[in-house]
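Engineer: Got a structure for you, written out below as structure tokens; questions coming shortly.
The values are calculated or read from the model by the stated rules, or taken from the named source; none is laboratory data. If you're wondering where the values come from, they're calculated on a predicted model, not measured in any experiment. Please note: Cβ atoms are built from the backbone with ideal geometry, for glycine as well, and neighbour counts cover all protein chains shown.
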Ligand SMILES: NC(=O)c1ccc[n+]([C@@H]2O[C@H](COP(=O)([O-])OP(=O)(O)OC[C@H]3O[C@@H](n4cnc5c(N)ncnc54)[C@H](O)[C@@H]3O)[C@@H](O)[C@H]2O)c1
């Protein structure tokens with residue numbers, strides 16, 4: 001049974017912890033979250049910072065905190081074990097991408113990028129040689145973007161790399177599309193703040209030689225940066241990583 005360490009335990013983390021414990025998918029050995037007031041969550045010790053003896057036990061780390069929190073621990077994680085990471089905007093920093101490549105190659109460890117709030121990263125990756133244009137447009141409520149707009153406002157339009165710098169907690173799906181497809185400079189991001197919506201909506205458009213695709217994903221949100229679909233999709237990704245004996249696999 002795999003031993004699992006968590007970095008961050010908010011909306012996504014708590015849902016994954018429940019799934020692991022209820023379905024007996026592994027043993028959670030620690031949760032690292034400096035802002036958690038409790039000493040234990042569901043019987044799992046909560047630590048405010050890196051602890052060598054606990055990191056040494058982990059076979060898999062699950063990051064569901066922030067891109068900065070992940071960057072601070074990348075080396076300690078990837079020298080030891082595999083990583084499932086949700087703060088994909090970390091990859092918009094070229095130095096992070098280089099560090100991940102170096103550490104995984106040197107240590108034989110792997111990084112799993114979940115499809116998270118959207119669908120089709122596998123298909124985008126499969127077609128990366130043919131895409132000429134890739135764009136992603138996200139519409140969220142002003143509160144989700146920490147803004148106070150009273151009317152629909154385009155708050156960003158441009159390369160995905162800069163969108164990730166400006167909205168690191170809101171455009172993880174943009175980062176995932178850029179990473180899977182034609183990169184952070186060529187992928188175009190649009191972010192719209194709309195006070196009339198209660199959903200996170202993403203429209204992904206792909207154009208290549210003889211192929212055109214458009215994907216529309218909309219998920220209700222009760223607040224925060226994460227829509228209602230993502231915790232479910234996170235559980236599915238975790239099952240696919242852990243279940244080596246699945247008889248029927250979606251690939
Ligand atoms: N890939 C995707 O499609 C996708 C979708 C939604 C959210 N996300 C991202 O996943 C991450 C988690 O989302 P969430 O909704 O669970 O967020 P959340 O705000 O509910 O939880 C984040 C947790 O991380 C903790 N945290 C903050 N700084 C930390 C640090 N330095 N070390 C350890 N823990 C720290 C917070 O205390 C909190 O408990 C965010 O970065 C979010 O932007 C990705």
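Engineer: If you go through segment 1-30, how many residues are outside any helix (DSSP H, G or I) and farther than 11 Å from residue 65 by Cα?
Structural biologist: 13
Engineer: If residue 227 meets every condition in (1) touching a helix residue (DSSP H, G or I) at 6+ places or on another chain (Cβ under 7 Å); (2) buried (at least 22 other Cβ atoms within 10 Å of the Cβ); (3) farther than 16 Å from residue 124 by Cβ apart from one, which number is that one?
Structural biologist: Here residue 227 meets the rest and fails (1).
Engineer: Residues that are assigned by TED's automatic domain parsing to the domain that holds residue 206, touching a helix residue (DSSP H, G or I) at 6+ places or on another chain (Cβ under 8 Å) and not in a helix (DSSP H, G or I): does segment 93-106 have at least one?
Structural biologist: no
Engineer: How many residues does segment 207-223 contain that are in contact with a helix residue (DSSP H, G or I) (Cβ under 6 Å, 6 or more places away or on another chain) and not in a strand (DSSP E or B)?
Structural biologist: Within segment 207-223, residues that are in contact with a helix residue (DSSP H, G or I) (Cβ under 6 Å, 6 or more places away or on another chain) and not in a strand (DSSP E or B) number 0.
Engineer: Quick check on segment 11-23. Is at least one of its residues more than 9 Å from the ligand (Cβ to nearest atom), surrounded by fewer than 16 Cβ atoms within 10 Å (Cβ to Cβ) and within 20 Å of the chain's Cα centre (by Cα)?
Structural biologist: yes
Engineer: Every residue in segment 31-41 that is within 14 Å of the ligand (Cβ to nearest atom) and part of a loop (DSSP other than H, G, I, E, B), please.
Structural biologist: 33, 34, 35, 36, 37, 38
Engineer: I'd like the full set of residues that are crowded, with 20+ Cβ neighbours inside 10 Å and either farther than 18 Å from residue 86 by Cβ or within 11 Å of the ligand (Cβ to nearest atom) (or both), limited to segment 45-60.
Structural biologist: 55
Engineer: Here's a follow-up. Filter segment 105-115 down to residues that are more than 16 Å from the ligand (Cβ to nearest atom) and buried (at least 16 other Cβ atoms within 10 Å of the Cβ), then give me how many there are.
Structural biologist: 1
Engineer: Okay, moving on. List the number of the failed condition for residue 45; all other conditions in (1) in a helix (DSSP H, G or I); (2) in contact (Cβ under 8 Å) with a residue 12 or more places away in the chain hold.
Structural biologist: (1)
Engineer: Can you tell me which residue among 248, 204, 191 is in a loop (DSSP other than H, G, I, E, B), over 16 Å from the mean Cα position of the chain (by Cα) and either surrounded by 14 or more Cβ atoms within 10 Å (Cβ to Cβ) or without any contact (Cβ under 8 Å) to a residue 60 or more places away in the chain (or both)?
Structural biologist: 248
Engineer: Hey, can you tell me all the residues within segment 116-130 that are within 11 Å of the ligand (Cβ to nearest atom) and either part of a loop (DSSP other than H, G, I, E, B) or surrounded by fewer than 18 Cβ atoms within 10 Å (Cβ to Cβ) (or both)?
Structural biologist: If the condition is that a residue be within 11 Å of the ligand (Cβ to nearest atom) and either part of a loop (DSSP other than H, G, I, E, B) or surrounded by fewer than 18 Cβ atoms within 10 Å (Cβ to Cβ) (or both), then 116, 117, 118, 119 are the ones that fit.
Engineer: Restricting attention to segment 161-180, does a residue exist that is in a helix (DSSP H, G or I), out of contact with any helix residue (DSSP H, G or I) (no Cβ under 8 Å at 6 or more places or on another chain), away from the ligand (no atom under 16 Å from the Cβ) and within 21 Å of residue 145 (Cβ to Cβ)?
Structural biologist: yes
Engineer: Only one residue in 133, 185, 151, 137 is modelled with pLDDT of 95 or more and assigned to a helix (DSSP H, G or I), so which one is that?
Structural biologist: None of the others qualify; the one that does is 185.
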